Every structure is written in C-alpha cells, then in structure tokens.
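Worksheet: one structure, shown below.
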Amino acid sequence: MTRPAAADALAYVAYELDRLLGVADAELASGYEGGGWGRQPVHTAYVPAHRFGPETVRQWGDQALAAMDEFAPGPGELADATGLAPGVASEVHPLVLDKLASQPVEDLRIDFEDGYGTRADDTEDAHARAAARSLVSVLRENAAPSFMGLRCKSLEKDTRHRAVRTLQVFLGTLLENDRPPPQGFVITLPKVTSAAQVSAMAVLCERLEAAFAVTWPLGLLVFEIQVETPQVILGADGAATIARCVHAEPGRLTGLHFGTYDYTASLGIAAPYQSLEHPAADYARAVMQVAAAGTGVRLSDGSTSVLPVGSRDEVISAWRLHARLVRRSLERGFYQGWDLHPAQLVSRYAATYAFYREGLPAAAARLQDHAGPAASGQEEPATVRALADFLARGVDCGAVAEREISELTGLTADQLRFTRRRGLIPSPP
C-alpha cells in the first residue's frame, strides 16, 4: 500500500475508535465521577442508643479532657503516653486541648446494632423515640457534631423488619418535632453481604422519604455500609462484591466502613489476633480502597477494642496502641476510624494532628514549588491533587491553620480547595 493510500485508510480511524469505545467511555464517566472533596470527619464515635442523650457530646469531651489532665497534662507526658516525638507533642498538645474543649466529637453514630444488642420491640421503639428527642434538643441548642447518624440493624432476614421499624420510629419522631435529619446525617447499614442489600437499602430510603415528604426533600437520606463479612469482599462467583456495592446506588451510598472484629472473626481468626494490623484486615481494606477509588465514596477504618481504662499503665498502653493504629491507617489512606470510648479521643487527635503537622513542611514546599513563578510544573496533576488534599484535610480537622497554608504556599483557602478538586493551581486574577 502506498503512503497516500495508507493515510487515506487511517483518516477516519479515530472516529472508528470513538464508536468502539463509546460505551466504555460512558461507563467510566458515570461510574467514576470523583467527588468526596469536602470535609471528612477524622473519626466516628459510636454510642449505644440507650446511652445517647442531649449531653453526650459534652460528656465525651469532659471525660477526654479529664483523662488528658490525669495522664498527659503536658507535652512531655503526651509524648510518653502516645509515642509522639517530643517536638511534635509540643505542637500538638495545645491543639488537642482546644479540640476537646470546642469540638470533641466530629461524627457520632447512635447505635442500635452491636453496641446496643437485641431487645424487645417495644423497648427498642422507646429508645428510638428517646434518641430522636435527644437529637432534637441538641439541634435546638446548636450543639450537634458536624456529622451525625444512626446505625440500624442489618438487612439480614432475622433483623430486617427491626431495622425498618427503628428507622421509621426515629425519623417519625423527628418529624413530630418539625426537625428533618441534620445536614451530614447518614444511616449506617451493618453486615452487608451483597449488592442486592445496597439496592434494597436505597429503596428503603426512598420509601422513608416518600412517607415523610411533607417536610423532607427527596434525596435527603444517604447511607454507608459496613464491610465486615467475607462475602462482601469476595463473592461466590469470584468477583469483588464490594465493587458492585459501590456502583449499585450512586448518590445514596456515601461510605465504606471496615468492621475489624466481625470480619476477622468470620474468617476464623482467633480472638487474641483479631486486629486492624492482621494481614487479612489489610487485604480487605485494600480491596475496599481499589473499589472506591475515583467514585467519591469515602473510606473509614475500624476500631480497636483495647480501651484506655484502668491503671495508668493500662491507659498509656492503650493510648500508644491506638495512636500507632491511627497513624498506620492515615499512612494507608484511611483518614477516618471508629472510636468507642471518650478517652480514645486523646490518642485519636494526638496521632492525627501529628500526622499532618509532620507532613506540613514538605507538602507545602512541593505545592509552592509547583505553584510559584519559577515553577517547573514537574508534579503530575494527581500528585498536586494529593498534596492539596493532604493540606486541606489538615485544615479541616484543626491540625493546620489556614493562615499557615497561605504563608507556606501562597494559596488562599478557596484556591486550595480548587486545587484539591482539580489537581491544578488556579491562575491569578
């Protein structure tokens, strides 16, 4: 074939490829729209429903401050209690104190599942009403955490009707008090085993919205699922069920939360070795991470049941373990985790703040080098986005001040958020 003839044959090949790849292009665009760039809480505090009241958040803060005052009153003691470097502990200590005094809980779940147990129907109904009334009181006082929600029972056959009933009673009580769920409210669905349960949960949300449509807009109710069964990681067909869950109900499903103990126990791992650090847990989280990448669905790590209670040695040992696990999760891209006891807030914020304080100089310098007038533009957009996301997360949780970002990078808060979404430094006006 002569060169002109070959050129003629290739003239329309790009259009042919457009036709061949049109469906794949559409699936990629619709299934991986990104998102999730807004603030994400660094933790979720789980409170059994019968123990939740108008003073719960304040009580958690007071108990955490009391534990800090007793076991880590100064930076040196905090360094010893959590394993932080002394210099970092000096930076972090006042920040943790301020956080515990002003916003001790970022995200709270009113728990009607494992932390609550199985009770008579009329008892759970009464607790659902009481919890809703307590939430109303908190909202009227403008004292609610930035994020809140409720964990119902699973959609397994034996607990399905109870899950529906609890949500109906709780949300109905809010309606009786002219209070829709607050912004940031999410339902946590435990023990998911299939994408069909995710779709069923979306139907339940739609029906609840329809029932209460007098005051609540459609699309208000969203949910997250707990990843704590083997079936949701790997299905009988050999496919990653969790990926199907992520794409089953876009817009409704907002998060994947790992369940440490149910998951490892279901694999037959002996109780002393059930841990966030077990290789089986690492594998499950890696599958979760790949499944959620690019979708805007957020990830949360699980909990440790080693609580900071008892003697001084027991408290400090639990704090050191928790701080190490929090740091391990952060380094692996899980920016949220569960807390089960008020004193865990100390190690949670100490480890989280240390992570961002230690990484601040290098991340800011790389972003400034990319954004400055003499910038070489060597960083890939994905890396620029990751650098901006790291800094923005530090600001969101209180580890870093917006003023520091401006001084170190030359970017305003709005410019940082733009870069976090786009991977591009906005042009000056």
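The values are calculated or read from the model by the stated rules, or taken from the named source; none is laboratory data. The structure presented is a predicted model; accordingly, all values stated were derived computationally and were not measured. Using ideal geometry, Cβ is built from the backbone for each residue, glycine included, and neighbour counts are taken over all protein chains shown. For the accessible areas, the whole protein counts, side chains as well, though only heavy atoms, and no ligand, DNA or RNA atoms are used. Shrake-Rupley method; radii C 1.70, N 1.55, O 1.52, S 1.80 Å.
Would you confirm whether any residue within segment 300-318 is part of a loop (DSSP other than H, G, I, E, B) and more than 24 Å from Glu106 (Cα to Cα)?
So far as segment 300-318 goes, yes, one or more of its residues are part of a loop (DSSP other than H, G, I, E, B) and more than 24 Å from Glu106 (Cα to Cα).
Residues that are assigned to a helix (DSSP H, G or I) and at pLDDT below 80 were ranked within segment 1-23; the one that is nearest to Pro250 (Cα to Cα) is Leu10. Contact annotation: residue pairs with Cβ atoms under 7 Å, 6 or more positions apart or on different chains, pairing a residue in segment 287-300 that is open to solvent by less than 30 Å² (accessible area, probe 1.4 Å) with a partner that is part of a helix (DSSP H, G or I) and among the β-branched types (Val, Ile, Thr), are Val287/Ile233; Val287/Ile242; Met288/Ile242; Ala291/Ile242; Ala291/Val246; Ala292/Val246; Thr295/Val246; Val297/Val246.
Tallying residues that are within 12 Å of the chain's Cα centre (by Cα) and open to solvent by less than 40 Å² (accessible area, probe 1.4 Å) within segment 320-338 yields 7. Taken over segment 83-98, the criterion of being surrounded by fewer than 24 Cβ atoms within 10 Å (Cβ to Cβ) and either within 25 Å of Gly302 (Cβ to Cβ) or among the hydrophobic types (A, V, I, L, M, F, W, C) (or both) is satisfied by Gly83, Ala85, Val88, Leu95, Leu97.
Restricting the search to segment 139-153, which residues are under 17 Å from Leu208 (Cα atoms) and either open to solvent by less than 10 Å² (accessible area, probe 1.4 Å) or part of a loop (DSSP other than H, G, I, E, B) (or both)? If the condition is that a residue be under 17 Å from Leu208 (Cα atoms) and either open to solvent by less than 10 Å² (accessible area, probe 1.4 Å) or part of a loop (DSSP other than H, G, I, E, B) (or both), then Gly149, Leu150, Cys152, Lys153 are the ones that fit. Applying the set (1) touching a strand residue (DSSP E or B) at 6+ places or on another chain (Cβ under 8 Å); (2) under 17 Å from Val96 (Cα atoms) to Tyr356 leaves exactly one unmet item: (1).
Helices (runs of 4 or more DSSP H) fully within segment 49-138 that include at least 3 residues being at pLDDT 95 or above and under 23 Å from the mean Cα position of the chain (by Cα): 56-71, 86-102. Taken over segment 203-223, residues that are touching a residue at least 24 places away in the same chain (Cβ under 8 Å), part of a helix (DSSP H, G or I) and open to solvent by less than 60 Å² (accessible area, probe 1.4 Å) amount to 3.
Against the test of being in contact (Cβ under 8 Å) with a residue 60 or more places away in the chain and within 18 Å of Gly259 (Cβ to Cβ), the options Thr193, Thr159, Thr188 yield a single qualifying residue, Thr188. Here the condition is being touching a residue at least 40 places away in the same chain (Cβ under 8 Å), closer than 20 Å to Ser311 by Cα and open to solvent by 70 Å² or more (accessible area, probe 1.4 Å); of Asp69, Asp80, it holds for Asp80 alone. Checking Thr188 against (1) assigned to a loop (DSSP other than H, G, I, E, B); (2) closer than 19 Å to Ser300 by Cβ, which test does it fail? Status for Thr188: all satisfied but (1). Determine whether Ser30 is loosely packed, with under 13 Cβ neighbours inside 10 Å, part of a helix (DSSP H, G or I) and among the hydroxyl-bearing types (Ser, Thr, Tyr). For Ser30, the condition - loosely packed, with under 13 Cβ neighbours inside 10 Å, part of a helix (DSSP H, G or I) and among the hydroxyl-bearing types (Ser, Thr, Tyr) - is met. Right, Ala200: open to solvent by 50 Å² or more (accessible area, probe 1.4 Å) and within 30 Å of Thr173 (Cα to Cα) or not? For Ala200, the condition - open to solvent by 50 Å² or more (accessible area, probe 1.4 Å) and within 30 Å of Thr173 (Cα to Cα) - is not met.
Yes/no matrix, rows are residues, columns are (1) at negative phi; (2) in contact with a helix residue (DSSP H, G or I) (Cβ under 6 Å, 6 or more places away or on another chain); (3) not basic (Lys, Arg):
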{"residue": "Leu95", "(1), (2), (3)": "yes, yes, yes"}
{"residue": "Asp98", "(1), (2), (3)": "yes, no, yes"}
{"residue": "Gly117", "(1), (2), (3)": "no, no, yes"}
{"residue": "Glu156", "(1), (2), (3)": "yes, no, yes"}
{"residue": "His161", "(1), (2), (3)": "yes, no, yes"}
{"residue": "Thr166", "(1), (2), (3)": "yes, yes, yes"}
{"residue": "Phe185", "(1), (2), (3)": "yes, no, yes"}
{"residue": "Pro190", "(1), (2), (3)": "yes, no, yes"}
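If I filter segment 24-40 for residues that are at pLDDT 95 or above and either within 30 Å of Ala143 (Cβ to Cβ) or of a type in the set (Phe, Trp, Tyr) (or both), do I get at least one hit? Yes: one or more hits.
Counting the residues of segment 350-380 that are modelled with pLDDT under 85 and open to solvent by less than 60 Å² (accessible area, probe 1.4 Å) gives 6.
Criterion first (surrounded by 21 or more Cβ atoms within 10 Å (Cβ to Cβ), among the polar types (S, T, N, Q) and not in a helix (DSSP H, G or I)) does Ser347 satisfy it?
Against the criterion (surrounded by 21 or more Cβ atoms within 10 Å (Cβ to Cβ), among the polar types (S, T, N, Q) and not in a helix (DSSP H, G or I)), Ser347 does not qualify.
When Thr193, Thr173, Thr166 are checked against the criterion of being part of a loop (DSSP other than H, G, I, E, B) and open to solvent by less than 50 Å² (accessible area, probe 1.4 Å), a single residue qualifies: Thr193. Taking the numbered list (1) of a type in the set (D, E, K, R); (2) open to solvent by 50 Å² or more (accessible area, probe 1.4 Å); (3) closer than 20 Å to Val47 by Cβ in turn, Glu156 passes all entries but (3).
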